[in-house]
Amino acid sequence: MGYLSGSNITNTTTSTFTINVSNSDHFLTFSNGDGYNDKNYISQMTTDYTGSYSNVLIAGLGLGILPQWFATEKNSNVTVIENNSELISTIENFGFLHENINIIEADI
């Protein structure tokens, strides 16, 4: 969908997750084995969101794709609750998140 294209996301390894970029596909894998890639993620996650949403609350940041979609496609103010400080710092440092996205470090 292009929400990460042109971003500064690069291969990254921390103590809690790994980001791998390959052929414009982005993979996020946590140390416990959970993870996903961004290919088809938006179309799978947003099928039922056809209305307008002025405010959105999202549990978990991931690569920031879902918050980015709501902020850009739905012009929403997005609040994300994320407990992984390494992930927050990494995604914020990539510098692609929309200004309407606010990340709160907390455990939902």
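Structure notes:
- Of everything in region 97-108 that is touching a strand residue (DSSP E or B) at 6+ places or on another chain (Cβ under 6 Å) and hydrophobic (A, V, I, L, M, F, W, C), the residue that is surrounded by the fewest Cβ atoms within 10 Å (Cβ to Cβ) is 106.
- Subset of region 1-20 [of a type in the set (S, T, N, Q), at pLDDT 70 or above, open to solvent by less than 40 Å² (accessible area, probe 1.4 Å) and assigned to a loop (DSSP other than H, G, I, E, B)]: 14
- Taking each residue of region 77-105 that is aromatic (Phe, Trp, Tyr) and looking for partners that are not in a helix (DSSP H, G or I) with beta-carbon atoms closer than 6 Å, six or more apart or interchain, yields 94/7; 94/8; 94/9; 96/7.
- Applying the condition of being open to solvent by less than 90 Å² (accessible area, probe 1.4 Å) and among the small types (Gly, Ala, Ser) to region 25-36 and asking which residue is farthest from residue 12 (Cα to Cα) yields 33.
- Total residues in region 37-96 satisfying the condition of being small (Gly, Ala, Ser), open to solvent by 40 Å² or more (accessible area, probe 1.4 Å) and closer than 22 Å to residue 27 by Cα: the figure is 5.
- When restricted to residues that are of a type in the set (Lys, Arg) and in contact (Cβ under 8 Å) with a residue 40 or more places away in the chain, region 54-76 contains 0.
- Qualifying residues in region 37-79 (those that are out of contact with any Asp or Glu (no Cβ under 7 Å at 6 or more places or on another chain), among the polar types (S, T, N, Q) and not in a loop (DSSP other than H, G, I, E, B)) - the one farthest from residue 11 (Cα to Cα): 55
The values are calculated or read from the model by the stated rules, or taken from the named source; none is laboratory data. In this text the structure is predicted, and so the values were computed from the model without any measurement. Neighbour counts are summed over all protein chains in view; Cβ atoms, including those assigned to glycine, are modelled from backbone coordinates with ideal geometry. For the accessible areas, the whole protein counts, side chains as well, though only heavy atoms, and no ligand, DNA or RNA atoms are used. Shrake-Rupley method; radii C 1.70, N 1.55, O 1.52, S 1.80 Å.
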